[in-house]
Amino acid sequence: MDNQQTSHLPKEKFVWRIENFSKLKSKKLYSETFIMGGYPWRILIFPKGNNVDSLSLYLDVADSRSLPHGWSRYARFSLAVINQLKGKYTVEKETQHCFNSKESDWGFTTFMTLSELHDPNKGYIVGDTCIINAGISNPQSEKENQVDQAFGPTSAESRDKAGHMEVKEQEGKSSPLSAPVSSVHAQHTGNPSLPAGLTSNPMDELSDFRGLGKIESIFVPLLEEICSKHPSLIECQQKRSRQFVEWAFTALGRVLHFLKSKRVKDMNDETCEHLQILWEELETFRFDLTWLEPHVHSALGMKNYLEKATQVKKLKDNVSSLEMEMKRLKAKLASAEIDLEIAKRDLVQAEEGFQERDLDAELGYGRP
């Protein structure tokens with residue numbers, strides 16, 4: 001597929017180099033946050049496919065959790081997997097979407113087949129490195145009603161039953177654009193349906209944090225405490241924009257609140273995945289997190305600990321049950337030994353003065 005530059009997309013591209021691609025274990029992976037068109041974005045990738053046998057690639061609104069209720073953001077964008085051997089075969093797809101709280105990510109569930117991606121002769125993965133580009137256009141003159149005219153209403157209910165729209169590819173053909181990433185992803189981007197045991201913090205309760213910006217009130221005491229111990233957290237953000245600082249400390253607050261509010265017993269598959277996503281998001285803001293990393297890794301290791309603890313408890317219960325059975329059998333054996341001694345004594349008494357006879361002998365009647 002030719003990598004032709006479209007006229008309405010900016011020449012500026014965000015380049016994401018993913019090294020050790022074949023060794024990725026996460027079901028999904030986020031790029032670092034980047035600013036384009038005046039807004040923060042991230043690329044979201046499912047290396048092994050989002051429940052399909054294809055690479056799944058999406059554009060994600062990085063600050064979706066901190067935006068006010070009813071927000072929306074229109075963007076025309078392209079996503080590309082670079083061919084590192086022959087640039088003209090780069091796979092690039094373009095679309096447009098009005099992002100909102102229910103659809104904070106959008107893209108292509110079947111971007112390209114995994115067999116094509118991993119074919120060593122194709123050139124999409126070289127030296128176990130995959131390169132992905134994103135280009136975004138946010139012209140101020142674009143109005144959301146223009147999006148409605150071009151694509152129709154953008155609400156989830158108004159899409160066709162197949163859950164997709166037609167989008168233009170670089171070769172001029174049409175292919176289905178997926179609906180937002182599966183609900184599992186939506187559960188981890190601040191959308192209403194969080195997994196059992198996870199809660200969403202109220203976004204309308206904001207407090208000023210040291211004059212740096214408005215942060216969710218529930219996070220501020222935690223941030224105050226930790227920034228007093230680690231002043232570098234504030235120092236490294238002083239040259240950033242106010243909005244970027246708000247995102248950064250909100251991300252830090254989410255991780256701190258998670259570690260503060262969760263208990264060891266809560267660390268099941270869902271909560272571990274949730275923490276992993278929060279941690280990966282926080283890492284994109286480039287704090288010095290050497291002090292926090294051991295605690296996060298320890299928390300992520302609690303799933304294995306719980307599994308081991310369950311196994312140990314089961315074995316302990318089994319040992320306890322066997323010990324009780326052993327005591328019962330020992331008591332029964334002791335009682336049997338007493339009964340045996342009594343029986344032996346009675347036997348000795350009964351044998352006194354007793355002379356055994358041949359039971360088969362004839363009784364007789366006095367004949368010589």
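The values are calculated or read from the model by the stated rules, or taken from the named source; none is laboratory data. All values derive from a computational prediction rather than experimental measurement. For neighbour counting, all protein chains shown are included, and Cβ atoms are generated from backbone atoms with ideal geometry for every residue, glycine included.
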Failed item, numbered, when K265 is tested on (1) charged (D, E, K, R); (2) more than 48 Å from the chain's Cα centre (by Cα); (3) assigned to a helix (DSSP H, G or I)
(2)
Tally the residues that are touching an Asp or Glu at 6+ places or on another chain (Cβ under 8 Å), buried (at least 20 other Cβ atoms within 10 Å of the Cβ) and either part of a loop (DSSP other than H, G, I, E, B) or modelled with pLDDT of 90 or more (or both), restricting the search to region 63-80.
4
When you go through (1) within 19 Å of A62 (Cβ to Cβ); (2) more than 28 Å from the chain's Cα centre (by Cα) one by one for D208, which number turns out not to apply?
(1)
Would you mind stating whether F258 is of a type outside the set (S, T, Y), within 17 Å of E225 (Cβ to Cβ) and not in a helix (DSSP H, G or I)?
no
In region 111-131, what count of residues is obtained for those that are in a strand (DSSP E or B) and either under 20 Å from S31 (Cβ atoms) or aliphatic (A, V, I, L, M) (or both)?
7
Which numbered condition in (1) at pLDDT 90 or above; (2) in contact with a helix residue (DSSP H, G or I) (Cβ under 6 Å, 6 or more places away or on another chain) is the only one that P231 fails?
(2)
How do the pairs read when you match residues in region 230-250 that are farther than 15 Å from K214 by Cβ with residues anywhere that are outside any helix (DSSP H, G or I) and of a type in the set (D, E), using Cβ under 8 Å and keeping only pairs 6 or more apart or on different chains?
H230/D288; S232/D288; L233/D288; C236/D288
For region 81-90: of the residues being modelled with pLDDT under 95 and not in a loop (DSSP other than H, G, I, E, B), which is surrounded by the most Cβ atoms within 10 Å (Cβ to Cβ)?
Y89
Which condition does H295 not pass, out of (1) under 16 Å from E224 (Cα atoms); (2) assigned to a helix (DSSP H, G or I), if it passes all the others?
(1)
When only residues in region 278-333 that are basic (K, R) and without any contact (Cβ under 8 Å) to a residue 12 or more places away in the chain count, which is nearest to E235 (Cα to Cα)?
K308
With the condition kept exactly as written, say whether any residue in region 316-337 is in a helix (DSSP H, G or I) and under 30 Å from L259 (Cβ atoms).
yes
Pick from region 98-127 the residues that are free of Cβ contacts under 8 Å to residues at least 60 places away in the same chain and buried (at least 17 other Cβ atoms within 10 Å of the Cβ): which of them is nearest to L57 (Cα to Cα)?
F111
